[in-house]
Amino acid sequence: MRHYKMKWHELTEKTGYVSIGNAFVPGYFLTENELVLIDSGPIQSKRLMELLDERHWRVRAVIHTHVHIDHVANDLLLLEKFPDILFYTSKDEADAIASPEDMMRSMGFDTAAHAKEAQAVYYPEKLHIIGVDMKRPEIMIDGEIFELISLEGHSVGHVGVVTPDGICCLGDAIVSEDVLNVSKLPYMANVQKSLASMEKVRSLNYEIYVIAHQSVEKKALMDKIVTDNIAKEHQLSRIALEVLTRPMTREEVLAKYMKTLHINQREGLSMVIIAHSAWTRYIDLMAQGRIVYREGLLFRKDELYTAQT
């Protein structure tokens, strides 16, 4: 089998990205051979390590938009290669790693075993990620300033990262048009916060945006992308309400919701995350007062009123 070398895609004189799995990993050069990465990718990448060796590049730091496992996969490999490397994220994200069991439970995992498994693979004790206080949302490295923008919702402390030369790396705050067209249920930790962050993205004024899951966009296209992301979420919320045609248990409504979205239900960790993402839509509808959860059953509010009268 032919071995393809990893390519560095230039965006500016100092900023570019590599493609790892289903994600773009941006980087900014502090010097000719020292750089800062934004996230480290969804899978361990031997080709990334080869590229660094071949170009004699040294990674000084990784700034994480968030610490979901599909954004930290190469942290340990980078730490082994560059023992003095620094890792950063927002304080809320760093605090989540400090209690991986709580973080995994927040993503729908119910057992301590899942948390211990994730901690051992992705967040071992030797990996320390510095939490940045978002009251002063910037990181200075060798006199160069990386700005952090609070874009919570996809995760508890998700941030956008702006390179010193003005490239805005959005992580998973929004998804690209291509991903949006095929994604049946984009992951969200908090629907309303995520929608607010999408509107915040709309208000940003940078020339180039890197969306983590394989998209680089210019400012002129961002308004439509944000509008489409928001429309998708409103559609998912509407469907979540419509499938609740009678009082149902959590398990019943989630099964019906995912069947309506043509999501194949199966065993495994990925299904746990999908089910949790589905449940966040119902949590949001409850917060809006459109659904009531009582004695283990979910009711549409209008149905509950009818039953009581």
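Below are the figures for this structure:
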{"item": "Estimated inter-spin distance, residue 192 and residue 204, nm [label 7 Å along Cα→Cβ]", "result": "2.4 nm"}
{"item": "Most mobile of 68, 262, 158 in a GNM of the chain (Cα contacts under 10 Å)", "result": "262"}
{"item": "Around residue 178: net Lys/Arg minus Asp/Glu count, Cβ-Cβ under 12 Å", "result": "-3"}
{"item": "Amide H contacts of residue 129 (H built 1.01 Å from N, under 5 Å, at least 5 apart or other chain)", "result": "none"}
{"item": "Long pairs among 91/193; 14/224; 91/135; 200/232; 193/224; 5/46, criterion Cα-Cα beyond 22 Å", "result": "14/224"}
{"item": "Hz values of 3J(HN,Hα) by residue in region 19-36 - Karplus curve (6.51, -1.76, 1.60), Gly and Pro given as x", "result": "9, 10, x, 9, 9, 9, 10, x, x, 10, 8, 6, 9, 5, 9, 10, 9, 10"}
{"item": "Formal net charge of residues neighbouring residue 158 (Cβ-Cβ distance under 10 Å; K, R +1; D, E -1)", "result": "-3"}
{"item": "Inter-centroid distance (Cα atoms) of region 1-54 relative to region 152-225, Å", "result": "20 Å"}
{"item": "Residue with peak Gaussian network fluctuation, the chain [Cα springs, cutoff 10 Å], from 163, 15, 227", "result": "227"}
{"item": "Helical segments meeting 18 Å axial Cα length and Kyte-Doolittle -0.5 threshold in the chain (DSSP H)", "result": "191-203, 219-242, 269-287"}
{"item": "Extended-chain gain in nm, criterion 0.36 nm per residue less alpha-carbon gap, residue 230 and residue 183", "result": "15.6 nm"}
{"item": "The chain, relative contact order in percent, only Cα pairs under 8 angstrom and at least six apart counted", "result": "13 percent"}
{"item": "Using a Förster distance of 35 Å, the FRET efficiency for residue 33-residue 218 (Cβ separation, nearest 0.05)", "result": "0.75"}
{"item": "Prolate/oblate/rounded label for region 120-251 (Cα gyration tensor, a/c 1.5)", "result": "oblate"}
{"item": "Selected from 192, 44, 288 as most flexible by GNM, with the chain as the system and alpha-carbon contacts under 10 Å", "result": "288"}
{"item": "[x] 25.1; [y] 19.1; [z] 20.6, with the label sought being that of the calculated Kirkwood radius over Cα pairs in Å", "result": "[z]"}
{"item": "Difference of contour (0.36 nm per residue) and Cα-Cα distance, residue 56 to residue 91", "result": "9.4 nm"}
{"item": "Neighbourhood charge, 12 Å Cβ-Cβ cut-off, centred on residue 258 and excluding it, Lys, Arg +1 and Asp, Glu -1", "result": "+3"}
{"item": "Sparsely packed chymotrypsin sites (Phe, Trp or Tyr not before Pro) within region 16-91, loop by DSSP, other Cβ within 10 Å at most 13", "result": "none"}
{"item": "Gyration tensor (Cα) of region 243-308, equivalent ellipsoid semi-axes in angstrom", "result": "23, 12, 10"}
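No value in this document is a laboratory result; all are computed from the given coordinates. Here the structure is a predicted model, which means the values were calculated and not measured. Neighbour counts are summed over all protein chains in view; Cβ atoms, including those assigned to glycine, are modelled from backbone coordinates with ideal geometry.
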